[in-house]
Every structure is written in structure tokens, then in C-alpha cells.
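The values are calculated or read from the model by the stated rules, or taken from the named source; none is laboratory data. This structure is a prediction, so every number in the text was calculated from the model and none was measured. Reconstructed Cβ throughout: ideal geometry from the backbone, glycine too, with neighbour counts over all protein chains shown. Note: areas computed on protein heavy atoms with side chains; ligands, DNA, RNA excluded. Shrake-Rupley method; radii C 1.70, N 1.55, O 1.52, S 1.80 Å.
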Amino acid sequence: MTATPPVDDALKEPTERVGRSWTSALSLANGAIWVGWYGPLQILLALQAEDLAPAGTSKETVLAWVAGAGAVVSLASNPLFGALSDRTVSRFGRRTPWIVAGTAGGAAALLLLSAAGSVWWMAAGWCLVQLTLNAAFAAVTAAVPDRVPRRQRGAVGGWLGAAQLLGVVVGTGLATVAGGVGAGYAACAVFTLVGVLPYVLRHRDLRLAPRDRPPFAWRSFAGAFWLSPRRYPDLGWAWLTRFLINLSNALVLLYLLYYLRDRLDYSDPDEGVLILTAVNGLTLLATVVVGGVWSDRVGRRKPFVLWSGVLMALATAMLSGWQTWPGAIVAAAVLGVGFGVFTSVDFALMTDVLPKAMDRGKDMGVINIANSLPQVAAPALAAPIVTHLGGYRVLYLVAAGVGLAGALLVTRIRGVD
């Protein structure tokens, strides 16, 4: 185990490069948390919804209601636990206690969810999973600006992005091959808990000195979650960039199955979605680390975010103008290239515009809302477009425009090259 860092280092801007061991351990912890989310989201919740749906209620409705309730919990809990970790004074540091508690609670919640005998139990269990795993995720995310110098954050963000994608794949695989809903949840729970151990056992966290923790007051604590765009314009523009590009991506994915079936007349749309997801994942993995490392070496962020966003907008427009199966394959590949670069470099950009060292966890939690909120907003925007305003051609043109607007707004950030 590494030596305990001095207490006073917690609020300093990091200057010492982190090693491969630290990066790989944190990436594994990040991927393990995504296993706990995406095993249920991809497979297990859908199977439970089919079994537990009351008479007269479709399984789609049950799944949408449960997933929506969990999304609301996720939106609130990530910044909340980030703020609590900012204020944590412990000999184990600010972040590690929340990583341990969050993953242990998440594993227990997954086991509780596996035994759900009603829709209400299922919803409560999934909300508890979101609550606990978001506590761990907020702490993992905040560890990067705590420990990683600015000129290394693109590379670290790339490895975290790769681990995130692999976590989705591993979670889906465990849920599929485990042999039943209960076994699938148990496998995801074990992997989630074990995956964080190398980080929490081998790497000491930075400790906050009690004198540096501000006095607690409910009004100031609650008010701190509002980050004024006027006071922090760079953070505001960076948040809006991330939100719009993620919204564009969510619009692309939401009705992909129906697009293949109803617009392209693809014979097996389920298989088609799997093929497109695999193509997208391969090209994303090919660029997510490379883009971050390249950004670190040249010392610039905005050009990478700008041009990756433009590339993604062009790929999305392909789905509108080139409505064939080969067109969908090309669009998926190009989207993966763009999103891989965006994932790593935009993460580094967001850490570069954080206002205060004391509030890194809370601010990263607010930033993470830009990842979750598009999943809530996309259905409300997409449904009327598909049904009343021109169908899939218009939907993907709108998605391309949204993503392009997000890419262009990154030029408004002044404090980062």
C-alpha cells in the first residue's frame, strides 16, 4: 500500500503524475460500478418487468416507470454524495469511504432487487441501487481532479471511458450467462464489490484537514448546488456542451430498434442493434484513449471537443440522408470515433474548469447531470417528432443540429486552450 499523503494536499492543485497502477485501479473501480448499473438495465430489469407486470399493464410500461424512477434518484444523488465526500474528514480520506460504502450498499441493493416480488419492490430496489452506486461513482469521478495533474487528465479520462464501455459489456454478459435473474444479480453484485478492492486497498486517498472543512449550514449547503453561469461562465458553457452532445447521442439511440425495423425494413432488428452497438463500441475503444493522450501532449482541449462533436453531427445526419443498412454501419463507426475522442477530452475539459478545490466532488456531480438528464429529455423530444413532425428523417436531422450546437458552444470557453 502506498504511503499516506499529507493531510494538507487535499485542496492543492495536483502536479505529480499518477502511475499506471493508480490509473488502472481507478479505471477498474469505475468499470465495476457500471457493471452494477448495466447488467440490470440491459437484461435483468426487462426480465423482471415481464414477470411482475400486473394484468392489464404492459411490461414496457413497467420497465419505463422503474427506469424513470431510478433516473430521478440518480440525478439527485450524484451531486449530493459528491458534496458529502467533499466535506468528509477521515483517516481513510475524502473519497475512499464513499467508494467502499457505495459499492457495498450497491451490492446489497442488487441482491435485494433480485428477490423482488412486486413492481413496487422492484422500483424501490432499483432506486436503492441508483442511490448507493451513485455515491461510489461521485467519489471515483472526483478522485481525478484531486490527484491527476491537468496535462494528464485526457489520458486518464480515456482509460475511464474505456472501462465504462467494458463495464457495460461485462454487466450485460454476466446478466446473460449467469443462468437466471437471481444469479445474474448476484454475479453483478460480486463483480461490483470486488472490482473496487484494488483501488481502495492499494492506494491511499488524500485527507482533508478538519480546519479546512467549512462550518455546515443547510441554506449554504443547498445553495451551493446552483453553479451560476454568470459567475462561472466557462463551467456553464462546458456543461451545456456536454448536455447537448449527450442529448444528440440519446436521440440517436432511443428509437434505433424501431428505425431499423420500420424505416430500413431490416429483417432482424434485434440483431441489427447488436451489430451496430459492436461496431460503435470497437471504434470508440480505438479512439477514447488515443484522443485523451493526444490532447494531453498538445496541451489543448477545445479543438478536440469541437471536431469530435462536428464528426458526430455528420454521422447522425447520415442516418437521416443515407437510410440504408450500409449507411447505418458507416454512421455507427463514425459516431464511435467521434464519441471516443469526446468522452476522454471533454472529461478532462470539465475538470479543468472546476471553480474550487473544496467542491470538486459536488461540482463533478453537477456536471454528471449533463450525462443523465438527456436520458430523461430524449423521449419527450423524440416521440412527437417521430409521430407527428416528419418521422425518423427529421428526428436525426434535429439530433445532428443539437450535437452541432453543442460542439460549437465549446468555443465560448475562455479559460482553457
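Summary of computed values
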| item | result |
| --- | --- |
| Checking Gln42 against (1) touching a residue at least 12 places away in the same chain (Cβ under 8 Å); (2) assigned to a helix (DSSP H, G or I); (3) farther than 14 Å from Tyr185 by Cβ; (4) open to solvent by 40 Å² or more (accessible area, probe 1.4 Å), the condition it does not meet | (3) |
| Selection status of Leu193, at pLDDT 90 or above, surrounded by fewer than 21 Cβ atoms within 10 Å (Cβ to Cβ) and assigned to a helix (DSSP H, G or I) | yes |
| Some residue of the stretch 345-353 being under 22 Å from Ala278 (Cα atoms), in a helix (DSSP H, G or I) and either at pLDDT below 85 or open to solvent by 50 Å² or more (accessible area, probe 1.4 Å) (or both) | no |
| Matching entry among Ala333, Ala278, Ala317 (being of a type in the set (A, V, I, L, M, F, W, C), surrounded by fewer than 21 Cβ atoms within 10 Å (Cβ to Cβ) and within 20 Å of the chain's Cα centre (by Cα)) | Ala278 |
| Every residue from the stretch 196-207 that is basic (Lys, Arg) and not in a helix (DSSP H, G or I) | Arg204, Arg207 |
| Qualifying position, being at pLDDT 85 or above, surrounded by 21 or more Cβ atoms within 10 Å (Cβ to Cβ) and not in a loop (DSSP other than H, G, I, E, B), among Arg242, Arg297 | Arg242 |
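To keep it simple, each residue is scored yes or no on (1) within 20 Å of Val35 (Cβ to Cβ); (2) part of a helix (DSSP H, G or I); (3) open to solvent by 10 Å² or more (accessible area, probe 1.4 Å).
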{"residue": "Val100", "(1), (2), (3)": "yes, yes, yes"}
{"residue": "Ala108", "(1), (2), (3)": "yes, yes, yes"}
{"residue": "Trp120", "(1), (2), (3)": "no, yes, yes"}
{"residue": "Gly125", "(1), (2), (3)": "yes, yes, no"}
{"residue": "Ala139", "(1), (2), (3)": "yes, yes, no"}
